1. For the pair Ser205/Asp77, report the inter-label distance in nm, with labels modelled 7 Å from Cα in the Cβ direction.
2. Just the number, please: percent antiparallel of the DSSP beta bridges in the chain, rounded to the nearest 5.
3. What is the sum of charges, Lys and Arg at +1 and Asp and Glu at -1, for the other residues whose Cβ falls under 14 Å from the Cβ of Ala56?
4. For the range 251-339, count the residues as N, evaluate 2.2 N^0.38 Å, and divide the Cα radius of gyration by that value, please.
5. Quick one: angle between helix 247-260 and the longest Cα principal axis of the chain, in degrees between 0 and 90, rounded to 10, please.
6. Count neighbours as other Cβ atoms within 10 Å of each site's Cβ, and list the trypsin sites (Lys or Arg not before Pro) in the range 307-339 that are DSSP loop with at most 15 such neighbours.
7. In degrees, nearest 10, range 0 to 90: what is the angle between the Cα axis of helix 55-72 and the longest Cα principal axis of the chain?
8. Given the chain, report the % of alpha carbon pairs whose separation exceeds 34 Å.
Amino acid sequence: MRIVSGIQPTGNLHLGNYLGAIRNWVRMQDEVAAGGGLSLYFLADLHAISQPHVPAELSANCREMVAALVACGIDPDKSVLFNQAQVPQHAELQWLLNGTARMGWLNRMTQWKDKAGKNREGQSVALFTYPVLQAADVLLYQATHVPVGEDQKQHLELARDIAQKFNNDFCPEDAPVFTLPKPTIPPEAARIMSLRDGNAKMSKSDPSDMSRINLTDDADAIMQKVKKAKTDPEPLPGDKAGLEGRPEAANLVGIYAAMAGTSVEAVLGQFGGEGFGKFKPALGELLVEQLAPINARFNELRQDQAALDAILAKGGAKARELAAPTLAATYQALGLLRG
């Protein structure tokens, strides 16, 4: 089993990033390693330049992301942790796959439509071909499984389509170049919403810092944000159905369940009938308890730039080694001569 997944180095990681993706990466890392497989996790800095960015912020965010991932439990000795820019095979393979990908396929990508909006002519070519780079990211390493959320399933389907067409067009039937990766939907991928609006995802782009729990927040900040989180005047219900139409209450209960490793029903069984005056302090204490070790390790790691760069260099070297055979086979299948 070989897992490949990436995350954009955006900086200012929050509880939504941790519960929605990073914690599942840690779980998969340990499960795959125990089974003799390999997990590759990368910072998608090549994807980041598809839209306007500040170069100094991008490099700083990459280091901060490494610190956060390691603090959350990603082990560079169990997984291959790297950034795309240190593995030029990603960009090379994307170009080679551009000959197989079709304009119609890319035009149907819903994320392209959403990000481009009405100004398609003003968008970068990189934003349009972003899904082909995503295909290269996973096909390069012969990934067998790719953890995806609902918003990325279409891109993985595209990667499979590109791989299938390439294998059909250029490879003997018994010797395909690419493995067709299967999607892995994390079983408990928590969808964490804003503390100020239960209908909006928790996001670093929200102008209000009170809308999110940052991994850099100390205990006092966490307790203050939970205390001031938007709620309604009704007590918590005794069952999950009672949360319908109460997005803020559902969000806080969902956060408690995710952090405690239990179900929403179990949380309501414990706190049903209670007001938020009792529930919020319990939630805050749970968050502080769970996040304090991550916060301490994160703040320690982010101060050591040399150590973070060494982690990326080590991972990049391993990734280049793993990528070389697939890239060589792709060149050969296309009839391209190389020295």
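Every read-out reported here was derived from the displayed coordinates using simple, explicitly stated rules and does not represent laboratory data. Computed from a predicted model, the values in this text were never measured in an experiment. Ideal geometry is used to build each Cβ from the backbone, glycine not excepted, and the neighbour counts take in all protein chains shown.
1. In this crude label model, Ser205 to Asp77 measures out at 4.0 nm.
2. Within the chain, antiparallel bridges account for around 10 percent of the total.
3. So the surrounding residues net to -2.
4. Rounded to two decimals, the normalised Rg is 2.00.
5. Helix 247-260 sits at roughly 70 degrees to that axis.
6. When the trypsin sites (Lys or Arg not before Pro) of the range 307-339 are filtered for loop state and at most 15 Cβ neighbours within 10 Å, Arg338 remain.
7. 70
8. Counting pairs separated by more than 34 Å, the tail of P(r) holds 31 percent.
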